[in-house]
1. So in the stretch 16-49, with the set limited to residues that are in contact with a Phe, Trp or Tyr (Cβ under 7 Å, 6 or more places away or on another chain) and at pLDDT 90 or above, which one is surrounded by the fewest Cβ atoms within 10 Å (Cβ to Cβ)?
2. Among the candidates K70, K86, K74, K10, single out the residue that is over 30 Å from E123 (Cα atoms) and surrounded by fewer than 16 Cβ atoms within 10 Å (Cβ to Cβ).
3. How many residues, within the stretch 64-89, are in contact (Cβ under 8 Å) with a residue 24 or more places away in the chain and of a type in the set (A, V, I, L, M, F, W, C)?
4. Does A53 satisfy the condition of being buried (at least 19 other Cβ atoms within 10 Å of the Cβ) and out of contact with any strand residue (DSSP E or B) (no Cβ under 9 Å at 6 or more places or on another chain)?
5. For the stretch 59-94: of the residues being of a type in the set (A, V, I, L, M, F, W, C) and over 17 Å from T25 (Cβ atoms), which is modelled with the lowest pLDDT?
6. Which residue pairs have Cβ atoms under 6 Å apart, sit 6 or more places apart or on different chains, and have a first residue in the stretch 90-104 that is of a type in the set (A, V, I, L, M) and a second that is outside any helix (DSSP H, G or I) and at pLDDT 70 or above?
7. Taking the stretch 22-49, which residues are in contact with a helix residue (DSSP H, G or I) (Cβ under 6 Å, 6 or more places away or on another chain), among the polar types (S, T, N, Q) and without any contact (Cβ under 8 Å) to a residue 40 or more places away in the chain?
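The values are calculated or read from the model by the stated rules, or taken from the named source; none is laboratory data. None of the values given here were measured: they were computed from a predicted structure. Cβ: placed from backbone, ideal geometry, glycine included. Neighbour counts: every protein chain shown.
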Amino acid sequence: MPKGKNFTIKQRTFVKRTVETLNPTQAASEVYDTKNPDVIASQNMANPLIREAIEQELDAAGIPRQIVLKQLGKIITSEEVGKNPKASGVAVAAANTVGKWAGWEAMHNIRVEMPQAPRSAEEIDIMIVKMRKNLPR
C-alpha cells in the first residue's frame, strides 16, 4: 500500500481483496454493504490512488497489471466463447473486469445495461462479438 495515502479501512480492504481475487466486483461485494458492488468497484477503480495501490500490490506479489489484463484478454478472446455458454459468461465477466481496471465505466460515465438477460448461447455470442469490436487495440 502506498505510504502517506489516506485510505479508509474499506478502501484498504478493497485493494487487498482485489489483489487476492483479481476481481474488483467480488472485492466490493465482500467489503461494502451494497446491492450494487459493480458500481462501487467501478468508482474505486476510477480512483487513481486506489488503482496505483492495486498495481503496487500486484507488483509486490510478482503479478504485473499488464499480465492480469493480458490473461483477461485471453479469456475474452478464447476459442471456447461461442461454443460453450459458461465460457461466454466468463468472457463477459472478464470484459467487465477489464473495463473496471481501465476505469472506462467511471471515467466515461458508461453504464452498460441490458434490457433483458441473454436467453441463449447465441444471444451471448452476439453480445461478445459486439464487446470485442469495442475493445481498444
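1. V31
2. Numbers: K70 fails: over 30 Å from E123 (Cα atoms); K86 fails: over 30 Å from E123 (Cα atoms); K74 fails: over 30 Å from E123 (Cα atoms).
Answer to the check: K10.
3. Residues that pass the stated criteria total 5.
4. yes
5. Start the filter on the stretch 59-94 by keeping residues that are of a type in the set (A, V, I, L, M, F, W, C), which leaves 60-61, 63, 67-69, 72, 75-76, 81, 87, 90-94.
This time we only want the ones that are over 17 Å from T25 (Cβ atoms), so: 60-61, 63, 67, 81, 87.
On the way: A60: 87, A61: 83, I63: 79, I67: 77, V81: 72, A87: 69.
Among those that are of a type in the set (A, V, I, L, M, F, W, C) and over 17 Å from T25 (Cβ atoms), it is A87.
6. A91/V81
7. S29, T34, N44
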